[in-house]
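The block underneath contains the structure these notes are about, expressed in structure tokens.
The values are calculated or read from the model by the stated rules, or taken from the named source; none is laboratory data. The structure displayed is predicted, hence computed values, not measured ones. Because the Cβ atoms are built from the backbone with ideal geometry, glycine has one as well, and the counts that use them run over all protein chains shown. Remember, those area values only see protein heavy atoms, side chains included, never the ligands or the DNA or RNA. Shrake-Rupley method; radii C 1.70, N 1.55, O 1.52, S 1.80 Å.
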Amino acid sequence: MSVQAFRLVCASGREELPTGVQIECLECSGHDLYLGTTDCFVFHLLLVEENSIDPAGLSLIQQTDHPNTSFTITRQGQKQLGLKKPVCELRAASALDRLLVLCDNTIILLCSDTLEPVPGTKIRGAVSFTLNENPVSGDAFSVEVCLISSKRRTVQIFSVGQEKVQLLREVATPEQSCAIAADGHFLCLALSSRYVTLNYNTGHCQDLFPYPSEQKRPIIKRICREEFLLAGPGGLGMFATVAGISQRAPVRWSENVIGAAVSFPYVLALDEEFITVHSILDQKQKQTLPLKDGVILQDFEGRVIVATNSWVYILIPLPLEKQIQDLLSSQRVEEALVLAKGARQNIPKEKFQVMYRRILQQAGFIQFAQQQFLEAKELFRSSHLDIRELISLYPLLLPSSSSFIRTHPPLHEYADLNQLTRGDQEKVTKCKRFLMSYLSEIRSTEVANGYQEDVDTALLKLYAEADHESLLDLLVSDNACELIDSAAWLEKYNKYFALGLLYHYNKQDAAALQIWVRIVNGEVEDNTRPDLFEYIVDFLTFSKDPQLVWQYADWVLQKSEQVGVQIFTKRSSEEEHQNSFSPDKIATYLCKYRHALIMYLEHLVLEKRIQKEKYHTHLAVLYVEEVLSLKSTDPSEQAELEQLRTRLQILLRQSSLYRVLLLIDKIKGTDLHLERAILHGKLEEHEQALEILVHHLKDFAAAESYCVWNSQGKDKPYRQHLFQLLLSSYLSPPSLDNSLLVAAVDLLNNHPTEFDAVNILRLLPENWSVQLLCPFLAGAMREHIHAIRMSQIAVGLARAENIIYKQQKLSMKEKPVVLSEKKFCHVCRNPFQEPVFVKTPDCHIMHTHCATNQHANSSLSGHLPNPSKRT
């Protein structure tokens, strides 16, 4: 598919030139057009550009090359050079007001306006010549002319001024050259069968590639600094640098190419029938213009002129912007982007950025319409697309409060997604999935900067409609969802739990809880959270609004006392010091919820370890009442009863803060004997407690356990007394009950170290054998021997310490201390008045009172002196 890059406009005809004149060459400089003819005439014409529309209202590119531009030519003058050969080449040096003409191997210098020859400025023996567009001399009042000598295989470099011509350098070539182009120190030459580059400063010659001898004539065209376009073999236009490499792929043109021109980003080639236009950027052929009998194609300062023997035409480039838009209209996105990038060097930076960004956005929508989502996403990102342009394609996704209006002129031709997809629901679904993915990616980036509400609201709506799991993640993170629109949308799709999260994020916790309570009560249906009741409890637990917590406390506890009480037990310690959630207030409130009250008191007593008698007593009383209630109402719940009694017994054992007498009155007359024994133990009434355990309950293990836990942390006499009481209750009064005797033997054998063996042996019946008491006797003897040995060790250590003290004292007495007027106290620095002093282990001497004070200060500061260092 072609691109309309140029428009061919006729600029002259026979009326501007005499009959029979044939154009051989041409040159254009500004508005001046020069024609060289076969009969040795040079014509000076004025090229006038005419626009049918005032360029004031056009873009930058359109102002330069408007598609309605036309040209007219007016003859200014002519000159017959007096020779019978055709004019071969023309080159204008506008800075010098001179025109260089090659005719009959001679370069003649003419005045640009009058076409009169400049005396003494002819250069003879030239086959072809060119002007160096990148001269190295830097002289603004001369031009550098590079010509091929006709007499010998050389290239000559001349400096041409307004009135004189000077030969600068002559360089030999490997063969006779037939075509030349110049750039700086480099010449590109066409030899008899190959192209070369030549550095005329160093003489280095670099081969490029051959060209077929049957080719009409070689073509060399400088396209930019140190790069040339050459007509290569096989109908290829080859790009070559002065280093002999090609940085661009070749363009394929006709094998009978006559001329070439460059109008960035295009290369134009002329053959006998057509002008073909190729892109330098992607080397593809973009346009073909028919033209019969064309003989010349050249570019002059961005203007491309083509001529036949009789006619002159101008190739007017259409605005790049229009070309790009035409490509986009044809959905040729890649070509449009390549052309847009290539236009960068012709447009001011700021204007190019604006234009290029819009082109990228248009290309993105084209890819989006074709469901090329990865490509579309990349184009949207790189073009910094206002994300609302994309969201606005989806009906109702933008919040109602949005003031967004689409860009004008529009970036695409679609009213909405339904028009784009033509009602295909599968395509609609894919487009929504793409937008969902894209919005989730950019919502935390600069792309969404300033449009966070539009992005998050659209994303919420997409998530809700698609029942997407990320809906909740969006609502529990920082978001800018518009409340009214989002709430209506969530309710439309029955996302009531998410609706509650939305209200919570917008600090409307009362509304959130109202929604969630309706879900739990079955008033509305939403299965998002099967554990929603537990979630509500957690929400209330961490809520900082006391009024809201107390408002829903009854509802929560009525649903489940066991779970609901967590709104009080899991609160932070700081809140417990506030009046709204003080333990007294909560305990009073929970009186109507017995199980919750027990759990709360357990939290205070067992977990928080609050040392207040009323909480300990209250909990113990509730345990007792609950145990008695279970015994009287539901005896079948034996497991629950045993568990509750165990908790009661643990509390009675571990706590010392409850009111013992009150609890004894509570359980008087009941069968809670073990609990009563524990309470008697708290009153140090061990005989009564053991009486209950041994004679009423006959629970010997409990009796033994009673002695163990009651003696924990007590001294040895206390422990011995307690165990001896238990042994006495087993042995007296004398009984024929073997179970008591067995329990007594087990007690002695299991705890031999807890008894005074001498006293115990006096109490035991005489008929008991030694073998029966063997474990007890062995343990008692072992304990006795251990105690003797430990005392012996202590005595030995004391004796050793005493010997060390004596040795230190003797060593200090061996060295005499001489007091004189030159001796001073180490502490007060005063002399000694009497022969009384204290000497330290490090040989310092001091007054006795100074030593006493120093010792006292050391003791007060916690640094006691080492006893081994005392004197």
**Message:** How far apart, in nanometres, would the label points at Gln325 and His784 be if each is projected 7 angstrom from Cα along the Cα-to-Cβ direction?
**Reply:** 12.0
**Fill in**
Long-range amide H partners of Arg659, meaning residues 5 or more apart or on another chain whose placed amide H is closer than 5 Å, are Thr617
**Under 18 Å from the Cα of Lys809 - aspartates and glutamates, other chains or at least 8 residues apart** = Glu801, Asp842
**Request:** Could you provide, to the nearest whole Å², the per residue accessible area of the chain with probe 1.4 Å?
**Result:** 51
**Asked** Ordered by packing density, taken as the mean number of other Cβ atoms within 10 Å over each peptide's residues, highest first, how do 299-309, 576-586, 614-624 rank?
**Response** 614-624, 299-309, 576-586
**Message:** Could you tell me the calculated FRET efficiency between Arg75 and Gln247, based on Cβ-Cβ distance and R0 = 45 angstrom, to the nearest 0.05?
**Reply:** 0.55
**region 319-366, accessible surface, carbon-and-sulfur percent (1.4 angstrom probe)** = 47
**Message:** Contact order normalised by length for the chain, with contacts defined as Cα pairs under 8 Å and 6 or more residues apart; what percent is it?
**Reply:** 5
**Prompt:** Using 0.36 nm per residue, how much length does the chain from Ser193 to Ser791 gain when fully extended, once their Cα-Cα distance is taken away?
**Reply:** 203.1 nm
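If you average the sequence gap of Cα pairs under 8 Å that are 6 or more apart and divide by the length of region 493-560, what percent do you get for the contact order?
26 percent.
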**Complete:** Packing-ranked peptide list from 485-497, 396-408, highest mean Cβ count within 10 angstrom first, is 485-497, 396-408
**Prompt:** Can you give the FRET efficiency for Asn494 and Gln425, using 1/(1 + (r/R0)^6), R0 = 35 Å, r = Cβ-Cβ distance, to the nearest 0.05?
**Reply:** 0.95
**Complete:** Cα-Cα longer than 26 Å, checked against Lys322/Lys427; Lys377/Lys461; Lys806/Lys839; Lys221/Lys349, kept in input order, equals Lys322/Lys427; Lys221/Lys349
**Asked** Mind checking the angle between helix 738-750 and the chain's longest principal axis? C-alpha axes, 0 to 90 degrees, to the nearest 10.
**Response** 60
**Item:** Net lengthening on full extension, Val476/Leu764 (0.36 nm per residue, minus Cα-Cα)
**Value:** 96.1 nm
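Within region 479-553, what whole-number % of the accessible surface is contributed by carbon and sulfur, with the 1.4 Å probe and all protein chains included in the calculation?
49
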**Request:** Please work out how much length the chain gains when fully extended from Glu413 to Lys809, using 0.36 nm per residue of separation minus the C-alpha to C-alpha distance, in nm with one decimal.
**Result:** 131.4 nm
**Prompt:** At Lys631 and Ser728, where each label point lies 7 Å from the Cα along Cα→Cβ, what is the point-to-point distance in nanometres?
**Reply:** 3.0
**Between 0 and 90°, nearest 10: helix 320-329 axis offset from the chain longest Cα axis** = 60
**Prompt:** Sorted by packing (mean other beta-carbon atoms within 10 Å per residue), highest first, where do 359-370, 545-556 land?
**Reply:** 359-370, 545-556
**Prompt:** For region 149-205, what size does the Cα cloud have along each of its three principal axes, sorted from largest down, in whole Å?
**Reply:** 38, 23, 16
**Prompt:** Which stretch or stretches of region 70-97 have amide N atoms under 15 Å from the point lying 7 Å from Phe141's Cα along the Cα→Cβ direction?
**Reply:** 95-97
**In nm, spacing of pseudo-spin labels at Glu226 and Lys716 (7 Å Cα→C-beta vector)** = 10.4
**Request:** Taking just the C-alpha trace of the chain, give me its Rg and Dmax in Å.
**Result:** 56.0, 167
**Asked** How far is helix 333-342 tilted off the main Cα axis of the chain, in degrees rounded to 10, range 0 to 90?
**Response** 70
